[in-house]
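Asker: The structure's right below; bear with me while I get my questions together.
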Amino acid sequence: MVVLACGTRERQVSDVDGVLAIDFLLQHPSVLQHFASLSGQAWRPDVMPQVTETDSSEEALLSWKRSVAGDVVVPMLRRLFGRGLVERRGFTLALTAAGVGTADQLAGVMAPPKRERVELLAREFRADPLLARERLTSALSAGSV
């Protein structure tokens, strides 16, 4: 919900590819670290993934089960549609008024560095979706996952 609130196309409007890419980066801190190093904007040290995240057993387990899009993200999007929190606008997803309120509540309980990670990633995808995807591909080729 917070990713959708930040938006990958504009505030509160996202494309599915951007949502899935940001979700992937948030789940794979070592890839996120490479992605951030390729960024044109500076990421504060407290926002960057910490060693405990990039060297965790969870990161190792996720590396063999890369994409959870079909098993987790798509069913979650269906639930959000069903509850009237998200609506489809052509090829994009947009938060409804109820969705904005829910996303604001969720953002309020997130740790500030993690919330800022989401905001920075969304800003990268809004600014130049093609460049952000190229950087994701480069980060993956770096052998992190």
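The values are calculated or read from the model by the stated rules, or taken from the named source; none is laboratory data. This is a predicted model, so every value here is computed, not measured. The accessibility values were calculated without ligands, DNA or RNA, using every heavy atom of the protein model including side chains. Shrake-Rupley method; radii C 1.70, N 1.55, O 1.52, S 1.80 Å.
Asker: Please list, in order along segment 71-76, the HN-Hα scalar couplings obtained from phi with the Karplus expression 6.51 cos²θ - 1.76 cosθ + 1.60 (θ = phi - 60°), rounded to whole Hz, x for Gly and Pro.
Answerer: Each residue's phi maps through the Karplus curve to give 8, 10, 5, 5, x, 5 Hz.
Asker: Check which residues have an amide H placed less than 5 Å from residue 15's amide H, if you skip close sequence neighbours.
Answerer: 8, 9, 93
Asker: Next question. For residue 86, enumerate residues with amide H under 5 Å from its amide H, sequence gap 5+ or separate chain, H modeled in the peptide plane.
Answerer: Residues meeting the criterion, in which the H sits 1.01 Å from N, are 81, 96.
Asker: Going by accessible area, probe 1.4 Å, with all protein chains left in place, what is the ranking of 1, 76, largest first?
Answerer: Order by accessible area, largest first: 76, 1.
Asker: With an 8 Å Cα cut-off and a minimum separation of 6 or more residues, compute the relative contact order for the chain in percent.
Answerer: 42 percent
Asker: Could you tell me the center-to-center distance, by alpha carbons, between segment 71-103 and segment 24-47 in angstrom?
Answerer: Answer, in whole Å: 26.
Asker: A follow-up question, please. Once the Cα atoms of helix 129-141 and of the chain are each reduced to a long axis, what angle between those two axes, in degrees from 0 to 90 to the nearest 10, is obtained?
Answerer: The helix 129-141 is inclined about 40 degrees to the chain.
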